[in-house]
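Taking it in order: structure first as structure tokens, then the write-up.
The values are calculated or read from the model by the stated rules, or taken from the named source; none is laboratory data. Note that the structure is predicted; figures quoted are calculated from it, not measured. Note: ideal-geometry Cβ built from the backbone for every residue, glycine included; neighbour counts use all protein chains shown.
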Amino acid sequence: MKIFVSWSGELSHKVASILSSWLPTVLHGAQIWEASTSIEKGSQFMNEISNALKTSDCGIFCVTPDNFLGPWLNYEAGALWAGGEGNRVYPFLLGLTPKHLGDYPLSKFQCTSFSESQVKLLVGNLASHEAGPKKPATGMSEEFDRAWMSLQEQLEPLIPVAAGLSTGIVKYLKGRKHIYDHALEILQYAEHTVRVLQFYGGPRPPVDFAREVAKVLAYKKGLGIDVTYEVYLAADRSTLPPELANANKQRFKIYHEAGVGDRVKVSLVNMKYPPNYRLDVFLVDRKHGHISFPTSDKEGHLQRGIAFEGQEQVVGDLVEWFQRAVTSEDTQQFDWANSD
């Protein structure tokens, strides 16, 4: 039996290393594959991972508060599960409960929390897939009981680290590319509404960003997921340059050509604000978002951003603030899609 041990991030890597060393003490016939020790120097990283996923019978995915929202574990879990009818995906949670996973892909699989009874069940399930004669249940249980203390001593010191991350993730975003890449990443999680508020005068998203957004929305539309993308541009309408309307129409054309024009709303919020006040807010449902701002007066200069992931209270409060900002009585919304 070949076991693929997946990790993403520093804490998850520590968990994976500990499990990879400990599992052979209770599963003597198992072959453990873990990227940091199984890939030879000079090898092509992605090719090695792809081959390991194709040849593994099951996988243990080390899920921690700082990685369960990211795409990497979900990608590897999906690839392993799709690789064979009998393949098994075992999410191993440290500092989380299954409830934290919400509707994300890993929640579809039976999870293992860090406790003696849960880990014992996991080992029993893995042992049932081993080839050759099976060890009697009594012998298996006694061997686990002797080995458990070692695993407990190694993983328990990591629990306070995980607990410190369990309220969510705050990321520092540096540069326009990082900010827009992050926006596309969390857009993958959208289930209902995406809200974007831009104060005119700062760096605008490139046209390529609109193309990528259109691809994501079209993909979700094909899956039957009804996501609306609402963009509000806060500016004084009397001072807007004529090229701004053309730029917005160009983006809207992209959405229409992708078949998602009915799911995109681009509006102007007629708002005056102090000079040099520029802020972009990107919110996905009530779960993910970031706030970004330019660091100089130069058009298109590097930006900085603060991202919130897995902090529903914080993002929820931002959503409430956003709604008040774009629906207040002293603002006028302008629909670019229907403008001349």
Top-ranked residue in region 188-217 [being aliphatic (A, V, I, L, M) and within 25 Å of Phe68 (Cα to Cα); ranked as modelled with the lowest pLDDT] | Ala190
Could you please find all residues in region 1-28 being over 23 Å from Met149 (Cβ atoms) and more than 24 Å from the chain's Cα centre (by Cα)?
-> Met1, Lys2
Can you spot a residue in region 43-51 that is assigned by TED's automatic domain parsing to the domain that holds Glu156 and either touching a residue at least 24 places away in the same chain (Cβ under 8 Å) or within 30 Å of Ile225 (Cα to Cα) (or both)?
-> yes
The correct count of residues that are part of a helix (DSSP H, G or I) and under 32 Å from the mean Cα position of the chain (by Cα) in region 224-279 is 14
